[in-house]
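Bear in mind these aren't lab numbers, they're just calculated from the coordinates by the rules spelled out. A quick note: this is a predicted structure, and the numbers were derived from the prediction, not measured. Quick reminder, even Gly has a Cβ in these numbers, built from the backbone with ideal geometry, and neighbours come from all protein chains shown.
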Amino acid sequence: MIVEYSSPNIAKPFTIGHLRSTIIGDVIANMLQVTGHDVKRDNHVGDWGTQFGKLIYAIQEWGSLEEIESSPRPVKVLVELYVQFHEAADKNPELENHAREKFKLLESGDEDTRALWNKCVDWSWKEFGYIYSKLGITFTENNGRGYGESFFEKNLQTVLEELSSKNLLKQSEGAQIVEFEDEKYPPLMIAKSDGASLYATRDLATDKFRLSTYGNDISIINEVGSEQTLYFRQLYEVERLLGWFQPTQRTHVGHGLYRFKDQKMSTRKGNTIWLEDVIAEAEARASKLGNDTSAASQIAIASLKWNDLKHSPQQDVIFDWDQILNMEGNSGPYMLYTVVRANSVLAKAGETQSQNGGAAPLSGEDRDLVRFISKFPEVVLQATNQYLPSTLTTYLFQLAQQYNVFYQSSPILKADENTKILRVMITAATAQVLKSGLKLLGIQTVEKM
RNA sequence: GCCCCCAUAGCUCAGUGGAUAGAGCACUUCCCUCCUAAGGAAGGGGUCGCACGUUCGAUUCGUGCUGGGGGCGCCA
């Protein structure tokens, strides 16, 4: 199986919005892997498309390579140029034509344009690399970077020819489109009137490549925001019409977006939240609670990931600093804290945990907890089959809550010998399940906090 | 205009064709000579958006409406 996730865009901010695809996709890949699938992790980086025409025009017109190069955050400068382009284009629509010409130059292999594009890719990967290492996210394909859209640039013509030979292509106002039976979906545009490629063209080339590289029976999961649901339905239908895939081989796992309470986030308007800034703020808050640097970073990432993964994916998430960096209650740090507590008990119990005989019979809260622990495999399977990490977070939170109640109300190390052995074993089992579950969620536990 | 998603406590969200619908945050009050208090206990707070329908029974399923979000050929 291929799980495609994260897929940030070159020369655009890696925002809080990309966090969703990045970590939900990672968790889905983890879950599929432990349930026995051979998983390829791919990152469909947006490194191609007409927006590069706009960007290249803006850099050449208003930018300075030295300034970008020497900036601690080059992408930020690129985004400012991109925003500037849109502001200028609102007043002077002629700029859109210049941008189209620049993209044509890029597609036709013009050396200077190409060199500039390469720089943009490098600048962006500096930032992506930083974020992925902070989040502990990896990809397996194309030397760990995933196959970006530009990788398939050479295959676009083949795709157009195959579509054409199967009579799926239609001319419309100079552009090439695919229409659907009974107007099931609106038409999907495959080539613009100036001949330039589109997202769909590149996606088709991508999936063609996957078929030939991984085999005709490969299944692909696209973890991409729900705003693209219609697009994926169109794409899957075209791929079915082409005879490439059975419907069961293609799955779109969508998710809602991060929103401000009263306004939208928009790259064009510049009111987005950069993930880099969120991570820095999370680390600052975790440090204030008296953690050393490495623990603070783990705790910060845990709070971010947990607060995303605990939501059902289809709903939008309201962006609120105190909410997403919550360190109390239903939060990442609560989960880590519970594991730390349990481990601390186990450390003090020492040899006791290896003894077997003489455990007291199960009753009351002990038994409820044991029962709940035993549900773990079933929950993992359910979460995997439904592509719902939140099923797992809900379960793990309930388990942590139950353990904390148990911890508070039942003496462990001070109980009589038989009860102590039993409760230490329950503690060990709880810690084991919490650690395994958190690992599936891509959350690292800490020794102390 | 058409299509998709959503609506549950003051806020943010879980959840189920069946019993007094749950959590976190916020608020009030307790609990560290004792396994890490980033924890635990107790309390107030809900006509589960509205209406109709299916059902012995609907917050859960269906239809309609209202409200919010997203999408609908030259962005991705």
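Please rank A:397, A:209, A:52, fewest neighbouring Cβ atoms within 10 Å first, as an exposure proxy.
Starting with the residue having the fewest Cβ neighbours, the order is A:209, A:397, A:52.
Under 18 Å from a label point set 7 Å out along the Cα-to-Cβ vector of residue A:385, the amide N atoms of the stretch A:19-45 belong to A:28-29, A:31-37.
Sites listed here are GluC sites (Glu not before Pro) in the stretch A:303-403 whose DSSP assignment is loop and whose Cβ has at most 13 other Cβ atoms within 10 Å: A:328.
The order of A:443, A:220, going from fewest to most other C-beta atoms within 10 Å of their C-beta, is A:220, A:443. Taking a point 7 Å from the Cα of residue A:365 along the Cα-to-Cβ direction, the residues of the stretch A:395-421 with backbone N closer than 17 Å to it are A:398-416, A:419-421. Panel values: the stretch A:288-440, Kirkwood radius from alpha carbon pairs, Stokes-Einstein at 4 °C and 1.567 mPa s, translational diffusion coefficient 78 µm²/s. Of A:189, A:449, the sequence from fewest to most neighbouring Cβ atoms within 10 angstrom is A:189, A:449. Subtracting the Cα-Cα distance of residue A:416 and residue A:83 from their residue separation scaled by 0.36 nm leaves 113.0 nm. Of interest is the spacing of the C-alpha centroids, which for the stretch A:159-203 and the stretch A:110-147 amounts to 30 Å. One equal scatterer on each Cα of the stretch A:26-125, no solvent, Debye formula: the resulting log10 I(q)/I(0) at q = 0.11, 0.12, 0.13, 0.15 Å⁻¹ is -0.44, -0.50, -0.55, -0.66. Computed extension gain for residue A:209 through residue A:143, at 0.36 nm per residue and net of the alpha carbon distance, reaches 22.1 nm. The stretch A:375-430 and the stretch A:1-44 have Cα centres spaced 28 Å apart. Using R₀ = 25 Å, calculate the FRET efficiency as 1/(1 + (r/R₀)^6) where r is the Cβ-Cβ separation of residue A:130 and residue A:61; round to 0.05. Plugging the Cβ-Cβ distance into 1/(1 + (r/R0)^6) gives 0.30. Length gained on full extension, residue A:348 to residue A:96: 83.9 nm, using 0.36 nm per residue less the C-alpha separation. Restricting the trypsin sites (Lys or Arg not before Pro) of the stretch A:376-449 to loop positions (DSSP other than H, G, I, E, B) with no more than 10 neighbouring Cβ atoms within 10 Å leaves A:414, A:448. Can you tell me the relative contact order of chain A? Whole percent, Cα pairs under 8 Å, sequence separation 6 or more. The value is 17 percent.
Rg to Rh for chain A: what is it, with Cα atoms only and Rh by Kirkwood? Spell out each step's value before the answer.
Numbers: Rg = 25.5 Å, Rh = 24.4 Å.
The Rg/Rh ratio comes out at 1.04.
The separation of the stretch A:327-344 from the stretch A:74-109, counted between C-alpha centres, amounts to 48 Å.
Within the stretch A:388-448, the proportion of C-alpha pairs whose separation exceeds 13 Å stands at 66%. Spin-label model, residue A:409 to residue A:293: label points 7 Å out along the Cα-to-beta-carbon direction sit 4.4 nm apart.
Magnitude of the charge dipole for chain A, about its Cα centre and with charges confined to Cβ atoms of Lys, Arg (+1) and Asp, Glu (-1), is about 1380 debye.
In loop segments of the stretch A:57-154 as defined by DSSP, there are no trypsin sites (Lys or Arg not before Pro) with at most 13 further C-beta atoms inside 10 Å of their C-beta.
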